[in-house]
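Take a look at the structure below.
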Amino acid sequence: MNIVIKEQGGSYIGTLTGWIDTANASQFLEDLKPLMANASKSIKLDCGQLEYICSLGLRGLLQLKKETVAKGGSLILTHVEGEVQKILILTGFNKLFDIR
């Protein structure tokens, strides 16, 4: 699992790659902290290279979503495909996020 965060014109873009599973979910939550700190901004997470996400990873996304709502920012998930798309649909998380 890897996340690369870039600031671009006052908004943030995070690119997620690999697997977010129980072995690295705590690192994923740690890696989300810069986005949590800037939750008042527009945040896009590119999931095009994300192959899998576990329940702890979903929890991290939900925490980030709650933080953006509380601080007046926005969170958009892009390029959600394959297994990750199936997981979001099965858990109902596809209804909680703005997915493009």
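Summary table
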{"read-out": "Positive dipole terminus of segment 1-77, leading residue within ALA70, THR22, GLN49 (C-beta point charges)", "value": "ALA70"}
{"read-out": "Magnitude of the charge dipole, the chain, Cβ model with Lys/Arg +1 and Asp/Glu -1, debye to 20", "value": "400 debye"}
{"read-out": "Fraction of accessible area attributable to carbon and sulfur, the chain (%, probe 1.4 Å)", "value": "50 percent"}
{"read-out": "Relative contact order %, the chain, counting alpha carbon pairs below 8 Å whose residues are six or more apart", "value": "27 percent"}
{"read-out": "Heavy-atom surface of the chain, accessible at 1.4 Å and reported per residue (Å²)", "value": "55 Å²"}
{"read-out": "Within the chain, percent of DSSP bridges classed antiparallel, to nearest 5", "value": "30 percent"}
{"read-out": "Distance between segment 55-100 and segment 24-47 - C-alpha centres, whole angstrom", "value": "11 Å"}
{"read-out": "Spherically averaged projected area of the chain from its Cα convex hull (nm²)", "value": "5.4 nm²"}
{"read-out": "With Cα atoms, 0 to 90° folded angle of helix 82-91 axis to the chain main axis", "value": "80 degrees"}
{"read-out": "C-alpha long axis of helix 55-71 to longest principal axis of the chain, angle in °", "value": "20 degrees"}
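The values are calculated or read from the model by the stated rules, or taken from the named source; none is laboratory data. Note that this is a predicted model, so its numbers are computed, not measured. Glycine also receives a Cβ, built like all others from the backbone with ideal geometry; neighbour counts cover every protein chain displayed. Note: accessible area is taken over every heavy atom of the protein model, side chains too, but ligands, DNA and RNA are not part of it. Shrake-Rupley method; radii C 1.70, N 1.55, O 1.52, S 1.80 Å.
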